[in-house]
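These notes concern the structure reproduced below.
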Amino acid sequence: GQSLEQPSEVTAVEGAIVQINCTYQTSGFYGLSWYQQHDGGAPTFLSYNALDGLEETGRFSSFLSRSDSYGYLLLQELQMKDSASYFCAVRDWSNTDKLIFGTGTRLQVFP
Amino acid sequence: SQTIHQWPATLVQPVGSPLSLECTVEGTSNPNLYWYRQAAGRGLQLLFYSVGIGQISSEVPQNLSASRPQDRQFILSSKKLLLSDSGFYLCAWRVRNRQQEQYFGPGTRLTVT
């Protein structure tokens, strides 16, 4: 089977740095995606890592280690608006038209 | 640029009533289209996806159905709603060569009473 594990909740204060982890178990692997979803809103695509290493996009960075079946989303200079749920996702190895999403990590940023 | 529309935004329906949710995408051709459902505080459950007109793959056997009458139109239907059909329904699309980038519509919040 295929599964992704994320912490259910993470808390931090404004201006801090937070890391949201994702470990995956898949028969095969193409890459790891991250999505953000604010309460009441739709998920939005943040990043995709196909290769090992860190990719930076502004305050957000995403890291992947294929050998460890592990990735993380790093949020720097946290702002209140970063309070949201964050989902990692992988392609379904048996059907690459589908994504498998993790259960999500709820990030709460406090002033 | 691409845009995805969903309507209605909210819906309250009695048990046993029919359902029709519509999703349209602008600014792209031949997209893959998806219907997801999300219960409050939970993850995304894939219901249906489509790789082309008239081609529907069902992921969860239930009283819902989907249709794709046009390239950029995806419809979710039910003949008789159940209480368990309540949830946040999301339509999404992706381009063919970016399998892990999906773009979601604003969603429809359905409450079955």
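For the range A:28-45, residues that are surrounded by fewer than 18 Cβ atoms within 10 Å (Cβ to Cβ) and more than 20 Å from A:W93 (Cα to Cα) total 5.
Quick one: in the range A:94-111, which of the residues that are in a loop (DSSP other than H, G, I, E, B) and within 18 Å of B:Y34 (Cβ to Cβ) is farthest from the other protein chains (Cβ to nearest Cβ)?
That would be A:S94.
Summed over the range B:26-46, residues that are touching a residue at least 40 places away in the same chain (Cβ under 8 Å) and within 14 Å of chain A (Cβ to nearest Cβ) total 12. Just one of (1) within 24 Å of A:S85 (Cβ to Cβ); (2) more than 12 Å from every other protein chain (Cβ to nearest Cβ); (3) surrounded by fewer than 19 Cβ atoms within 10 Å (Cβ to Cβ) fails for B:L110. It is (3). Where strands (runs of 3 or more DSSP E) sit wholly within the range B:44-113, those with at least 1 residues that are touching a strand residue (DSSP E or B) at 6+ places or on another chain (Cβ under 9 Å) and more than 14 Å from B:L21 (Cβ to Cβ) occupy B:44-52, B:55-58, B:64-70, B:87-94.
Only residues that are touching a residue at least 24 places away in the same chain (Cβ under 8 Å) and either in contact with an Asp or Glu (Cβ under 6 Å, 6 or more places away or on another chain) or exposed (fewer than 12 other Cβ atoms within 10 Å of the Cβ) (or both) were counted in the range B:48-83, giving 4.
Laboratory data are not the source of any read-out in this text; all were calculated from the coordinates shown. Because the structure is predicted, anything quoted here is derived from the model rather than measured. When we count neighbours, we look across all protein chains shown, and the Cβ atoms used for this are built from the backbone with ideal geometry, even at glycine.
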